[in-house]
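Let me begin by presenting the structure, written as structure tokens, before commenting on it.
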Amino acid sequence: MPLDIKEKVVVVTGGASGIGEAMVRRFAADGAAAVIALDIDGAGAIAAGEAVGGVGMQLDVSNDDATAAVMSQIEGDFGRIDILCLNAGIATGGSVDQTNELWQKTWDVNVMSHVYATRYVLPGMLNRGEGYIVHTASAAGLLTNIGAAPYSVTKHAVVALAEWLSVTYGDRGIRVSALCPQFVDTPMLDAFAEDNAEMQSWVRSLALSADEVAACVAEGIALETFLILPHAQVAEYFSHKASDYDSWLSGMRKLRASMT
Ligand SMILES: NC(=O)c1ccc[n+]([C@@H]2O[C@H](COP(=O)([O-])OP(=O)(O)OC[C@H]3O[C@@H](n4cnc5c(N)ncnc54)[C@H](O)[C@@H]3O)[C@@H](O)[C@H]2O)c1
């Protein structure tokens, strides 16, 4: 039976800004029973949640204990978590010579946060025989992000985790999606475009609004689609990569060279 958002308690991490904030508004507009925005920016999370009649709370998603405490509080206050949108993330550029500290931080925020929250919420979902987890990865998690090794590697890991969860728990009522957009008009993209001035116009020409991406997420949940691809061309690139990896790599090298 298609999932009815109207009965659902929805949690969105990174809910204070960009795609997360748009998801908070979208789920509320679609009539979710409750929407809870979580963000390291506590004031932003409270503002985003309260703006739609929901709740906001401060959470650093890379902190395992804090995540357990916040998820426990939400389950206590709302009875359960039906839809968990793990969307908080950071965009770390650079190559393998990026500092160990930044590699670790990117790993903790972009990947381990998904492990921590899922580990806490999954048992309740399995007991009820239903639950939905949406992992915000990126097109960089299926393809790559030129100039950003930590971001690309961690986003691939997010897709791998989502895939593994879907295979392992799909038969027990757990639905999983991996959201893999290309460029989206958010503060994260503003920072990226500022650092990559030569790519500004290309990036902006491909960017969707956060609201458009949130609409794709709502549709993806309704259809229970594993890959949510707001940019249609990402499906084409991914298919090309799978069918001829070497040709895809060669094309990416040309693209990289044209950018430098
Ligand atoms: N903007 C894009 O072009 C784009 C493309 C593909 C994927 N994404 C992914 O979408 C997600 C949302 O990004 P966005 O573009 O909306 O960026 P954004 O910067 O507008 O929002 C990210 C939010 O995550 C929060 N956050 C960061 N670290 C956190 C932490 N440790 N704990 C809790 N919250 C934390 C930030 O405070 C911010 O509110 C990210 O995972 C990002 O990688 C973005």
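The values are calculated or read from the model by the stated rules, or taken from the named source; none is laboratory data. The structure displayed is predicted, hence computed values, not measured ones. Don't worry about glycine lacking a Cβ; one is built from the backbone with ideal geometry, like all the others, and counts go over all protein chains shown.
Mind checking whether some residue in segment 89-111 is out of contact with any strand residue (DSSP E or B) (no Cβ under 7 Å at 6 or more places or on another chain), more than 12 Å from the ligand (Cβ to nearest atom) and closer than 20 Å to V24 by Cβ?
Among the residues of segment 89-111, not one is out of contact with any strand residue (DSSP E or B) (no Cβ under 7 Å at 6 or more places or on another chain), more than 12 Å from the ligand (Cβ to nearest atom) and closer than 20 Å to V24 by Cβ, which makes the answer no.
Kindly provide the set of residues from segment 209-247 that are farther than 19 Å from A29 by Cα, in contact (Cβ under 8 Å) with a residue 12 or more places away in the chain and not acidic (D, E), ordered by number.
Hits for segment 209-247 are T225, F226, L227, I228, L229, P230, H231, Q233, V234, Y237, F238, K241.
Could you please let me know if I36 is under 22 Å from E7 (Cα atoms) and outside any loop (DSSP other than H, G, I, E, B)?
Taking the combined requirement at face value, the residue satisfies it.
Which of the residues belonging to segment 240-250 are farther than 12 Å from T144 by Cα and either among the small types (G, A, S) or under 26 Å from the mean Cα position of the chain (by Cα) (or both)?
Of everything in segment 240-250, those that are farther than 12 Å from T144 by Cα and either among the small types (G, A, S) or under 26 Å from the mean Cα position of the chain (by Cα) (or both) turn out to be H240, A242, S243, Y245, S247, S250.
Per-residue answers, yes or no, for (1) in contact with a helix residue (DSSP H, G or I) (Cβ under 7 Å, 6 or more places away or on another chain); (2) within 18 Å of A137 (Cα to Cα):
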| residue | (1), (2) |
| --- | --- |
| G170 | no, no |
| Q182 | yes, yes |
| T186 | yes, yes |
| A193 | yes, no |
| D211 | yes, yes |
| V234 | yes, yes |
| K241 | yes, yes |
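Considering A191, A210, which residue is within 14 Å of the ligand (Cβ to nearest atom) and at pLDDT below 95?
Of the residues listed, the single one that is within 14 Å of the ligand (Cβ to nearest atom) and at pLDDT below 95 is A191.
Can you tell me how many residues within segment 19-47 are surrounded by fewer than 22 Cβ atoms within 10 Å (Cβ to Cβ), among the small types (G, A, S) and within 12 Å of the ligand (Cβ to nearest atom)?
4
Is it the case that segment 220-239 has a residue that's within 9 Å of the ligand (Cβ to nearest atom), small (G, A, S) and under 17 Å from V134 (Cβ atoms)?
Checked against the condition, which is being within 9 Å of the ligand (Cβ to nearest atom), small (G, A, S) and under 17 Å from V134 (Cβ atoms), segment 220-239 yields no hits at all.
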